[in-house]
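Trainee: Okay, handing you the structure first.
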Amino acid sequence: MTLTELPEKAAAAIRRARCVLFAYHEMGYACMAELIALDAPIAALYTHRDAPGEELWWRSCAELAQAHGIETRTPERLDAAERAHIAALAPAVIYSFYYRNLIDEAVLRTAPLGAYNLHGSMLPKYRGRAPVNWMIVNGEREAGATLHHMVARADAGDIVAQRAVAITDDDTALTLYRKIVPIGAALLREFHPLIVAGRAPRRAQNPAEGSYFGRRRPADGRIDWRWPARRIFNLIRAVTHPYPGAFCAIGGRKLYIWRAAIAHEDGVRGASGTVLGNRPDGAIEVAAGTGSVIVSRVQFEGGEEGDAGALCAGADDPRAVRME
């Protein structure tokens, strides 16, 4: 929907309602672009500086703001001066789209039409950080996006709207994220006119149905080959590129596994971590605690990424190669 497709009364309400955005990442960009398309007046963008060394694959909210003459600010925290600046902007609405810091409750109260967050899960499930990664790690079959009212506690406010999307075995965290982004943008496009009209729906979350997960660290990517094959497969695809990667070791050397599939889900195929054999496609089969995993793309720390079959090059018997 564009501004010209809205009734004039709704379009006029959008033009009057000044917004302050807290936005980052691809979701931040997509939602900010929707507000610009609706001709919503954006008084300022609060965003993050890109972290050195992070594998960046998303579009820049700061560059989008610059292209449209929107003030951009990147403070490490919202101190008294920043809170006063936001109050002086007199926002009617505050939005948070994948902003990485909690926003002070006093700041949220400066917007008379409310403060809203776009979260990448079907709340109240998967509150907290890295929901896309956690959903794949845990073998979930449904993801989604939720637009909700913001309160002091993260991801706990009343729900405006949400929509689901399926998770398949072909999904990695990146492909799933790319499924969720257009859902979040569509929710904003549909419900921003209702928000500025003061008619946004709200439905309380049921904490008994919820779950909370914290920030994932690179160390959380360690593979335990005693796990069932599906658990290993889920971890690998949850943290593969552009994330830090799942890893194990061979002969004391750290080995990242970037791509894998399930060979067998049941039965004991061999001692866990044992290479069961090479495959014609350059992959190898590795025994899990239950079942086995096809490992196709690997990388020793500090080395180049390549086919897993090279791990067995020169070995008289592939079973002599053991994942630790």
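Taken together, the values in this text are just the output of simple stated rules run on the coordinates, not laboratory data. Predicted model only: the values in this text are computed from it and were never measured. Neighbour counts run over all protein chains shown; Cβ positions are idealised from the backbone, glycine included.
Trainee: Considering only P41, P228, P207, give the residue with the highest GNM mean-square fluctuation for the chain, with springs between Cα atoms whenever their separation is below 10 Å.
Mentor: Judging by the Gaussian network model, the answer is P207.
Trainee: Moving to a separate point now. Between E265 and R83, with labels modelled 7 Å along Cα→Cβ, what's the label distance in nm to one decimal, could you check?
Mentor: The answer from the label model is 5.2 nm.
Trainee: Can I ask one more? Using Cα centres only, tell me the gap between region 204-225 and region 281-297 in whole Å.
Mentor: After rounding, the separation between the Cα centres reads 26 Å.
Trainee: Is the C-alpha gyration tensor of region 1-118 telling us rounded, prolate or oblate? Criteria: a/c under 1.5 is rounded; beyond that, a/b larger than b/c is prolate, otherwise oblate.
Mentor: oblate
Trainee: Spelling out what I want: for every residue of region 57-71, take phi, set θ = phi - 60°, compute 6.51 cos²θ - 1.76 cosθ + 1.60 (Karplus), and round to whole Hz; glycine and proline get x.
Mentor: Values, residue by residue: 10, 9, 6, 8, 5, 4, 5, 5, 4, 4, 5, 10, x, 9, 4 Hz.
Trainee: Another one. What ranking of V93, V268 emerges when the number of other C-beta atoms within 10 Å of each C-beta is taken as an exposure proxy, fewest first?
Mentor: Going from least to most buried by this count: V268, V93.
Trainee: With viscosity set to 0.890 mPa s at 25 °C, what whole-number translational diffusion coefficient in µm²/s follows for region 218-320 from Stokes-Einstein and a Kirkwood radius over Cα pairs?
Mentor: Here the translational diffusion coefficient equals 184 µm²/s.
Trainee: Let's see if you can work this out: charge +1 on each Lys and Arg Cβ, -1 on each Asp and Glu Cβ, no other charges. What is the dipole magnitude of region 3-213 about its Cα centre, in debye to the nearest 20?
Mentor: 640 debye
Trainee: While we're on this one: Can you tell me which of 52-59, 147-154, 163-170 comes out highest on packing, and rank the rest after it, using the mean Cβ neighbours within 10 Å?
Mentor: 147-154, 163-170, 52-59
Trainee: Would you mind listing how long region 3-213 runs along its three principal axes, going by Cα atoms, in whole Å with the largest first?
Mentor: 46, 40, 32
Trainee: Show me, for region 301-312, the HN-Hα J-couplings you get by feeding each phi into the Karplus relation (A = 6.51, B = -1.76, C = 1.60, θ = phi - 60°), rounded to Hz, glycine and proline as x.
Mentor: 3J(HN,Hα) across region 301-312, in whole Hz: 4, x, x, 9, 6, x, 5, 5, x, 5, 5, 9.
Trainee: Taking only complete DSSP H runs, can you tell me which helices of the chain stretch 15 Å or more along their own long axis by Cα positions and average at least 0.0 on the Kyte-Doolittle scale?
Mentor: Qualifying helices: 25-37, 173-196, 229-239.
Trainee: Right, another one. May I ask what percent, to the nearest 5, of DSSP beta bridges between residues of the chain are antiparallel?
Mentor: Around 65 percent of the beta bridges assigned by DSSP in the chain are antiparallel ones.
Trainee: Right, another one. Who wins for biggest fluctuation among G291, G302, G210 in a Gaussian network model of the chain, springs between alpha carbons below 10 Å?
Mentor: Of G291, G302, G210, the most mobile in the Gaussian network model is G302.
Trainee: Could you give the distance between the Cα centres of region 30-58 and region 171-190, to the whole Å?
Mentor: Using only Cα atoms to place each centre, the spacing works out to 15 Å.
Trainee: Can you tell me how much longer the chain between A37 and A12 gets when fully stretched, taken as 0.36 nm per residue apart minus their C-alpha distance, in nm with one decimal?
Mentor: 7.6 nm
Trainee: Still on this structure: Would you grab the residues whose amide H sits under 5 Å from the one on E71? Only those 5+ places off in sequence or on another chain, please, with H modelled 1.01 Å from N.
Mentor: L45
Trainee: Can you list residues whose amide H is under 5 Å from L276's amide H, if they're 5+ apart or on another chain and H is modeled 1.01 Å from N?
Mentor: Placed amide hydrogens put E285, V286, A287 under 5 Å from L276.
Trainee: Here's a follow-up. Based on the alpha-carbon gyration tensor of region 171-224 and its eigenvalue square roots a ≥ b ≥ c, which shape applies: rounded if a/c is under 1.5, prolate if not and a/b is larger than b/c, or oblate?
Mentor: oblate
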